[in-house]
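Structure first, commentary second.
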Amino acid sequence: MNPSTEPVPRPRVTARLRALRFDAGSLALNLVATLGRRSSTPVERLGTLDRLREWCDGVGLRLHDEAVTDELLTELWTLREAAYDVVAAVVESRPPSAASVVLLNDRASPAPPRSLLRATGTGVTVDGGDRPLSGRELQSAVVRDLIAVLGDPERRGALRRCDASLCTMVYLDHTPGRRRRWCSMRLCGNNAKAAKHRLRQASAASAGS
């Protein structure tokens, strides 16, 4: 069915819809996914400092306690919109906003900590990669992940947008033939099937009246 004629699921905002998403395929895309339903009435999934901590836990990053501030949350919202503009531009084969590119390049530094090898008396250990991040290091990690996605032809070519008209989440499609239509079959896929079922029921009722 053409997406333009797809039955529209009921626009209910549930706890499941407000839940953070960690299935977009990359760190940067998981940040982009913290704002749901961009095409209609947006659903903010990263609206509090507790949600920021939960998101960091979900993507496997640690922040310094003093970095968890409203200022960082605001900066992440700004970064998120610039990242969305760029990935949407790739999906839509159009140029992104110059301001988005400038902001992302600015937030790409300072470099997040990297792991280093250290020789010990009994062998080798790894140090340095697990220390808590500053707010700017967290943002740099997100931007560098986005750059890695866009700089890899295979991953860049796997960028997709969910077909569900109320969702449009951007994700990486690594399925054979890249035929995945939904961000999640359990979520948007099932919603679309339910909407089609309601449409068939309504059509049958109309025909029988």
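The values are calculated or read from the model by the stated rules, or taken from the named source; none is laboratory data. Here the structure is a predicted model, which means the values were calculated and not measured. Neighbour counts are summed over all protein chains in view; Cβ atoms, including those assigned to glycine, are modelled from backbone coordinates with ideal geometry. When the accessible area is computed, the model is the full protein with side chains, heavy atoms only, and any ligands, DNA or RNA have been set aside. Shrake-Rupley method; radii C 1.70, N 1.55, O 1.52, S 1.80 Å.
For residue 96, which of the numbered conditions (1) open to solvent by 30 Å² or more (accessible area, probe 1.4 Å); (2) touching a helix residue (DSSP H, G or I) at 6+ places or on another chain (Cβ under 7 Å); (3) closer than 26 Å to residue 62 by Cα fails to hold?
Failed condition: (3).
Restricting to region 111-151, count the residues that are touching a helix residue (DSSP H, G or I) at 6+ places or on another chain (Cβ under 6 Å) and among the acidic types (Asp, Glu).
Looking only at that region, the number is 1.
Based on what the data block shows, is residue 39 modelled with pLDDT under 95 and either in a loop (DSSP other than H, G, I, E, B) or open to solvent by less than 30 Å² (accessible area, probe 1.4 Å) (or both)?
So residue 39 passes the test.
Return yes or no: is residue 91 in contact (Cβ under 8 Å) with a residue 24 or more places away in the chain, of a type in the set (A, V, I, L, M, F, W, C), under 22 Å from residue 171 (Cα atoms) and open to solvent by less than 90 Å² (accessible area, probe 1.4 Å)?
When the stated conditions are applied, residue 91 passes them.
Within the bounds of region 118-129, is there any residue that is outside any strand (DSSP E or B), within 29 Å of residue 73 (Cβ to Cβ) and at pLDDT below 85?
Checking region 118-129: at least one residue is outside any strand (DSSP E or B), within 29 Å of residue 73 (Cβ to Cβ) and at pLDDT below 85.
Could you tell me how many of the residues in region 142-164 are more than 18 Å from residue 101 (Cβ to Cβ), touching a residue at least 60 places away in the same chain (Cβ under 8 Å) and not charged (D, E, K, R)?
2
Within region 59-81, can you find the residues that are surrounded by 13 or more Cβ atoms within 10 Å (Cβ to Cβ) and part of a helix (DSSP H, G or I)?
Once the filter is applied, which keeps residues that are surrounded by 13 or more Cβ atoms within 10 Å (Cβ to Cβ) and part of a helix (DSSP H, G or I), region 59-81 yields 59, 67, 72, 73, 75, 76, 77, 78, 79, 80, 81.
Suppose we filter region 144-181 for residues that are within 17 Å of residue 19 (Cα to Cα) and either modelled with pLDDT under 90 or basic (Lys, Arg) (or both); how many remain?
3
Of the residues that make up region 106-129, is at least one of a type in the set (Lys, Arg) and open to solvent by less than 50 Å² (accessible area, probe 1.4 Å)?
Checking region 106-129: at least one residue is of a type in the set (Lys, Arg) and open to solvent by less than 50 Å² (accessible area, probe 1.4 Å).
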